[in-house]
Amino acid sequence: MSNKTEGTLFYDPESGRYDIRFGMESFYGGLHCGECFEVKVRDTWVPVRIEMDEDWYLVGLPVEKLSGLTVRM
């Protein structure tokens, strides 16, 4: 089983995309539609996929605020 890295989801207004911050100077580099990862919900990891319509949303987890979610990939 491969190790997964945890981070925090945030919106990058410069790129117009969500990104994941893994540490002070470590970033994923910008998420694209269709990318899959997991979100931590009450100590349980939920698999999701990020997509864009009028705004960014997660398939598999109906939340309105994406920034600040704990994620791993």
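The values are calculated or read from the model by the stated rules, or taken from the named source; none is laboratory data. What you are looking at is a predicted structure, and each value in this text was computed from that prediction instead of being measured. Cβ atoms come from the backbone with ideal geometry, glycine included; neighbour counts cover every protein chain shown.
A few comments on the model shown:
- Residue 21 fulfils the conditions (1) over 21 Å from residue 62 (Cα atoms); (2) surrounded by fewer than 14 Cβ atoms within 10 Å (Cβ to Cβ); (3) at pLDDT 95 or above except for a single criterion, (2).
- Test result for residue 66, part of a loop (DSSP other than H, G, I, E, B), touching a residue at least 40 places away in the same chain (Cβ under 8 Å) and either out of contact with any Lys or Arg (no Cβ under 9 Å at 6 or more places or on another chain) or exposed (fewer than 13 other Cβ atoms within 10 Å of the Cβ) (or both): yes
- Among the numbered conditions (1) over 13 Å from residue 9 (Cα atoms); (2) at pLDDT 95 or above, the only one that residue 37 does not meet is (1).
- Number of residues in the stretch 34-53 that are more than 11 Å from the chain's Cα centre (by Cα) and either surrounded by 12 or more Cβ atoms within 10 Å (Cβ to Cβ) or not acidic (Asp, Glu) (or both): the value is 7.
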